[in-house]
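K.L.:
Structure in structure tokens, see below.
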Amino acid sequence: MPASKMNKPLSSLDRDDNQVPDTGDHVDRSDGRVFIENVKIYHDLWKLEVEPMEKNVSWNEIPDYQKVEHCHFFHTFDSAGKAQTFCVPVGGHFHEMEVIQEPGKMPKVVCKSGPLKWARQKNKRTGRFEKVLVPFNDVDEHRHETIYLHSKQVETRKINSEATKLIGKNAALVQKPAGLDLK
Ligand SMILES: [Zn+2]
């Protein structure tokens, strides 16, 4: 068996189930890396169905929570081919999502968390501000049912060329000091 058939392609993303490698189009490189050019991924669009959220509509410091109907959308992958963890924010919050893959079946998408938002918090140890996930507010724990809308097969030639560029850049960085005779 040639090495090109045995090696796992470096262009593999985390979720192998979601990819349809086209094994007929290999590019063998002199450095021993084997790239499969036509790796395809499926991008699925899901809707998080209408659910009321608790919105603070107070005009002073005394909270006044009112129910507001809203929905969200969830893309399993972004346009750069990166698997997504959160749905698209609406009304100042978003939810953590889980994609459950079963071989040969449509993946299931579950709304895993109540409403969340990003906050800047000081890390007590380092003294630096960090972006941390916090609950949207103290009273709201709503979650959404999910419904599948449609899929698109994403053209990943662009992703692969980006990856190849990145690998090329890294290779250049590694090669540069060679002439400096570093010890
Ligand atoms: Zn929501």
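K.L.:
If you go through the stretch 132-148 one residue at a time, do you hit one that is farther than 20 Å from E51 by Cβ and of a type in the set (D, E, K, R)?
P.N.:
The answer is no; no qualifying residue exists.
K.L.:
Just checking, how many residues over the stretch 52-80 are surrounded by fewer than 13 Cβ atoms within 10 Å (Cβ to Cβ), farther than 30 Å from I41 by Cα and of a type outside the set (D, E, K, R)?
P.N.:
The qualifying residues number 8.
K.L.:
Filter the stretch 127-138 for residues that are under 28 Å from the mean Cα position of the chain (by Cα) and part of a loop (DSSP other than H, G, I, E, B); which is farthest from H95 (Cα to Cα)?
P.N.:
R128
K.L.:
Taking the residues in the stretch 98-116 that are within 17 Å of the chain's Cα centre (by Cα) and within 11 Å of the ligand (Cβ to nearest atom) as candidates, determine which candidate is surrounded by the fewest Cβ atoms within 10 Å (Cβ to Cβ).
P.N.:
By that ranking, first place goes to L116.
K.L.:
Then there's this: Just wondering, is there one or more residues in the stretch 35-57 that are among the hydroxyl-bearing types (S, T, Y) and under 19 Å from P135 (Cα atoms)?
P.N.:
Checked against the condition, which is being among the hydroxyl-bearing types (S, T, Y) and under 19 Å from P135 (Cα atoms), the stretch 35-57 yields no hits at all.
K.L.:
For residues that are assigned to a loop (DSSP other than H, G, I, E, B) and within 16 Å of the ligand (Cβ to nearest atom), scanning just the stretch 139-157, find the one that is farthest from Q84 (Cα to Cα).
P.N.:
Restricting to residues being assigned to a loop (DSSP other than H, G, I, E, B) and within 16 Å of the ligand (Cβ to nearest atom), the top hit is V139.
K.L.:
Cβ-Cβ under 8 Å, sequence separation 6+ or interchain: first residue in the stretch 88-109 and farther than 20 Å from V134 by Cβ and outside any loop (DSSP other than H, G, I, E, B), partner β-branched (V, I, T) and more than 16 Å from the ligand (Cβ to nearest atom). Which pairs?
P.N.:
Close Cβ pairs (under 8 Å, with a partner that is β-branched (V, I, T) and more than 16 Å from the ligand (Cβ to nearest atom)) amount to V99/T76; K108/V99; K108/I100; V109/T76; V109/V99; V109/I100.
No value in this document is a laboratory result; all are computed from the given coordinates. Everything numeric here is computed off the predicted structure, so don't read it as measured data. Virtual Cβ from ideal backbone geometry, glycine too; neighbours counted across all protein chains shown.
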